[in-house]
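> First the structure, then my questions, so here it is.
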Amino acid sequence: MQLDERKTKILHAIVRNYLATGEPVGSRTISKDTDLNLSSATIRNEMADLEEMGLIVQPHTSAGRIPSDLGYRLYVDEMLRNKEREVDEMKELLLEREEKLEKMLKQVAKLLAVNTNYATMISAPALKGNRIKFMQISRVDAVHLLATVVMEGNVIKNRMIDVEENPDDETILKLNMLLNTRLNGLSVDEINLGMIAALKKEAGDHGEIVAKVIDAAAETIRGDENLEIYTSGTNNIFRYPELADKGKASALITTFEEKTELESIAIKSLSQADQAEGIQVYIGSEAPVETMQDCSVVTATYDLGQGMRGTIGVIGPKRMDYDRVVSIMKNVMRQMDELYKK
């Protein structure tokens, strides 16, 4: 059933007021509740049309109106459609921000390599300790749902979930509203068994879907131990004779290609972030990676707010220009803050 804007606003006002007060709603109340700027007489005429359409009823003579079952249905369907649009718009904005962050990190690694003439690395923000900002489940097919979890800092993680039932669109919207109402602002560690049981009960016949979504989200966040690492300037290693030896250079190139050991540099830097304004310098044997024993490694911790912290690293010979490298890294961190928050 299609209603024009005026009738839709009047119907919604009747439903909202009746839900709030439990009392029949009159034309004077509607005139104060809506932005239509209509007279009470005009509103009464519109209410008469709504009553004729079966959307509202008049329980007593000369009394206001209350929603009928059909009126409730139209109100709820419209509310669910609006919520779905809000969810999709929010997800689109968050995905755009994630793409913007990835592009920025790659640019930073390249900029550092060009300006220092050394090899560089930068890690994506770590999720540890962050809280859930937003959750969404979406249908993939009859037996699969996609759980999307957005953490503080707008870092997005996705997980595919197997389901035995095929929930309809209205059910998915209601479950999304339930999950976001109850879980937003919580860390994974704060979601206990009692909370999960309460959510399953509230979800009724769809409790198992809720449990699977929460389990998948927790597993994805806790199990995401592999940091995303972006690198640049690896070939700069060959500029320096002390590193260009075939064996040493090959080992360093392998380290940059496989990136596993670069993660250990990022993790160590983050753990020491409160020291020396986030700057650490490792010389020779101090380097946290065995293949870099003939190098110097300078790391810095960037902080974009909302728990978004990661590591910038510059790897070069022990005779690197330390003052220049540290100055460039500090300048880059300031630029990152400005770029990301635009």
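> State which entries of Lys103/Lys174; Lys7/Lys83; Lys103/Lys259; Lys9/Lys174 exceed 30 angstrom in Cα-Cα distance in the structure shown.
Working: Lys103/Lys174 35 Å; Lys7/Lys83 21 Å; Lys103/Lys259 19 Å; Lys9/Lys174 23 Å.
Distance filter (> 30 Å) returns Lys103/Lys174.
> With each label point set 7 Å from Cα along the Cα-Cβ vector, what nm distance links Thr8 and Asp33?
For Thr8 paired with Asp33, the spin-label model returns 1.7 nm.
> Nearest 10 degrees, 0 to 90: what angle lies between the long axis of helix 322-340 and the longest principal axis of the chain (Cα atoms)?
On a 0 to 90 degree scale, this one is about 10.
> On to the next question. Tell me, what is the percent relative contact order of the chain, built from C-alpha pairs under 8 Å that lie six or more residues apart?
On the way: 493 pairs, mean separation 55.0, N = 342.
Averaging sequence separation for qualifying contacts and normalising by length gives 16 percent for the chain.
> If I take R0 = 30 Å and measure r between the Cβ atoms of Asp88 and Lys201 in this structure, what FRET efficiency does the formula 1/(1 + (r/R0)^6) give, to the nearest 0.05? If you can, show how the numbers build up before the last one.
On the way: r = 28 Å, r/R0 = 0.95.
The value I calculate is 0.60.
> Rank Pro241, Pro59, Pro288 by mean-square fluctuation in a GNM of the chain with C-alpha springs under 10 angstrom and give only the top-ranked residue.
Highest fluctuation among the options: Pro59.
> Using a Förster radius of 51 Å, what is the FRET efficiency between Arg319 and Val140 based on their Cβ-Cβ separation? Nearest 0.05, please.
According to the calculation, E is roughly 0.40.
> Suppose the chain between Ala251 and Asn331 were pulled fully straight at 0.36 nm per residue; how much longer would it get relative to their current alpha carbon spacing?
Taking 0.36 nm per residue and subtracting the Cα distance, the gain is 25.8 nm.
> Here is a further query. Given just the C-alpha atoms of segment 132-222, how large is their convex hull per residue in cubic angstrom?
About 83 Å³ per residue, rounded to a whole number.
> In terms of the Cα gyration tensor, with a ≥ b ≥ c the square roots of its eigenvalues, is segment 5-67 rounded because a/c is under 1.5, prolate because a/b exceeds b/c, or oblate?
rounded
> Suppose we look only past 36 Å in the calculated P(r) of the chain. What percent of the Cα-Cα pairs does that tail hold?
Of all Cα-Cα pairs in the chain, 45 percent lie more than 36 Å apart.
> What order, most packed first, do the peptides 48-56, 132-140 have when packing is the mean number of other Cβ atoms within 10 Å of each residue?
Going by the mean number of other Cβ atoms within 10 Å, highest first, we get 132-140, 48-56.
> Take the chain, connect every pair of alpha-carbon atoms lying under 10 Å apart with a spring to form a Gaussian network, then pick out the residue of Thr21, Thr301, Thr231 with the largest mean-square fluctuation.
So, out of Thr21, Thr301, Thr231, the one fluctuating most is Thr21.
> Can you tell me the FRET efficiency between Ser40 and Leu19 if r is taken as the Cβ-Cβ distance and R0 is 25 Å, rounded to the nearest 0.05?
0.70
Taken together, the values in this text are just the output of simple stated rules run on the coordinates, not laboratory data. These numbers come from a predicted model, not from an experiment. Every residue, glycine as well, gets a Cβ built from its backbone with ideal geometry; the counts of neighbours run over all protein chains shown.
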